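Quick note: the coordinates plus some simple rules give every number you see, no bench work behind them. As the structure is a computational prediction, the values presented were derived from the model and not from experiment. Neighbour counts run over all protein chains shown; Cβ positions are idealised from the backbone, glycine included.
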Amino acid sequence: MITGSVLSGSVQAGDVVEILPEKIQARVRGVQSHDHTVGEVKAGYRAALNLAGVDNEQLYRGQVIGYFYRKVKRCHPVNPVTFNSAWKK
């Protein structure tokens with residue numbers, strides 16, 4: 001799990017996201033807020049994301065997660081989600 005605050009937009013299970021500045025793509029396996037599994041988190045929520053396709057060694061405090069658009073192959077800057085800590089053990 002990676003945890004942090006949703007600054008804008010929303011995230012739900014199944015979304016493909018991009019972790020910046022490394023440009024790592026990952027799929028959201030699950031979403032939690034305050035230790036409860038939820039369908040979606042929106043701006044203002046504290047959240048925990050279970051990500052597939054990324055190693056915990058690649059994650060660190062302060063990274064930004066945003067939606068990945070396959071057509072343009074880059075993160076959309078309007079809907080970033082910032083997570084402030086690395087993986088929970």
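Whole-Hz Karplus values for segment 13-25 come out as 4, x, 5, 9, 10, 10, 9, 10, x, 6, 6, 8, 8 Hz, taken residue by residue from phi with 6.51 cos²θ - 1.76 cosθ + 1.60 and θ = phi - 60°; glycine and proline positions read x. 3J(HN,Hα) along segment 36-44: 10, 5, 10, x, 7, 10, 10, 3, x Hz, from the Karplus curve 6.51 cos²θ - 1.76 cosθ + 1.60 with θ = phi - 60°, whole Hz, x for Gly and Pro.
Annotation: extensible slack from Asn50 through Asp35 equals 4.2 nm (criterion: 0.36 nm per residue apart, minus Cα-Cα distance). For segment 14-61, what log10 I(q)/I(0) values come out of the Debye formula at q = 0.20, 0.25, 0.28 1/Å, with one point per alpha carbon and no solvent? Debye intensities relative to I(0), on a log10 scale: -0.72, -1.03, -1.15. Sorting the segments 34-46, 10-22 by their mean number of nearby beta carbons within 10 angstrom, highest to lowest, gives 10-22, 34-46.
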